[in-house]
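Read through the structure below, which is laid out as structure tokens, and then see the notes.
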Amino acid sequence: MGTAASAKKRPPSPEAMKRNTQIEKELALSRVMETKTIKLLLLGGPESGKSTIAKQMKILHLNGFSEYDLLHYRHLIHSNIITAFRQLISAIECLKIDATENQKMMISNFVQISDRSKNCEISQELVFLAKALLPTSCFLEALQRRSEFELLDSAKYFFDDLDRITELSYVPTSQDILRSRAVTLGIHEVEFNYKNYIFRFYDA
């Protein structure tokens, strides 16, 4: 009974050996990097401060924000202001706070214009109405009773600096950005190096 001769195993080519060595080096480096990587998952309810922590890490360890980031936060802050005004307007109605006919007319105009605004852009017309409404008796009373309804926690901060924030040349400061609020959709990652370690913050 005959036996089949087994084929001799060919030695790997120099190219294959080089590629294998490179892969092993990359795997070893990856294992080392993994031991030096600290992952932190930030969890919490709305306005619990987790996104603020991620932004603080970016300011402290990643040289702040790019021009693109600043433009994004400019729009977001203007959107926050419109949202806060709409919350106050709803509160005036729900809490049955007295408003003069002139105040009611300005409120109606603000609602109509903000409804038409694209991407919550704050037009100069809205800025004019916002500045006119803030010192009115109905808005001041609503602000005094803000514990009775939902109001953006940064509303007073933005209202106190409304002139600066609504300038055409406005560029958000780090403090403005930390005060801004947005609904977290998906998972956002901030990564930076600190004392030979890689920190990864996940904002979910």
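The values are calculated or read from the model by the stated rules, or taken from the named source; none is laboratory data. This structure is a prediction, so every number in the text was calculated from the model and none was measured. All Cβ positions, even for glycine, are placed from backbone atoms using ideal geometry, and neighbour counts span all protein chains on display.
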Members of region 47-66 that are at pLDDT below 70 and surrounded by 14 or more Cβ atoms within 10 Å (Cβ to Cβ):
50, 61
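Any idea which of 122, 177, 165 is modelled with pLDDT of 95 or more and under 18 Å from residue 77 (Cβ atoms)? Before you say what the answer is, go through the steps one by one.
Numbers: 122 fails: modelled with pLDDT of 95 or more; 177 fails: modelled with pLDDT of 95 or more.
Just a single option satisfies the conditions, and that option is 165.
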Any residue in region 120-149 that is free of Cβ contacts under 8 Å to residues at least 40 places away in the same chain sitting within a Cβ distance under 8 Å of a residue that is surrounded by 13 or more Cβ atoms within 10 Å (Cβ to Cβ) and aromatic (Phe, Trp, Tyr)? List the pairs, counting only those 6 or more apart or interchain.
129/110; 134/159
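Given the structure, is residue 110 crowded, with 18+ Cβ neighbours inside 10 Å, in contact (Cβ under 8 Å) with a residue 12 or more places away in the chain and in contact with a Leu (Cβ under 6 Å, 6 or more places away or on another chain)?
Details: crowded, with 18+ Cβ neighbours inside 10 Å: yes; in contact (Cβ under 8 Å) with a residue 12 or more places away in the chain: yes; in contact with a Leu (Cβ under 6 Å, 6 or more places away or on another chain): yes.
Criteria met by residue 110.
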Hey, does region 181-203 have a residue that's at pLDDT below 95, in a helix (DSSP H, G or I) and out of contact with any Ser or Thr (no Cβ under 9 Å at 6 or more places or on another chain)?
no
Residue pairs meeting the criteria (Cβ under 7 Å; at least 6 apart or on separate chains; first over 14 Å from residue 170 (Cβ atoms), in region 68-85; second outside any helix (DSSP H, G or I))
82/122; 83/152; 84/151; 84/152
With the requirement that a residue be out of contact with any Leu (no Cβ under 8 Å at 6 or more places or on another chain), part of a helix (DSSP H, G or I) and not hydroxyl-bearing (Ser, Thr, Tyr), what does region 83-107 give you?
86, 89, 92, 93, 94, 101, 102, 104, 105
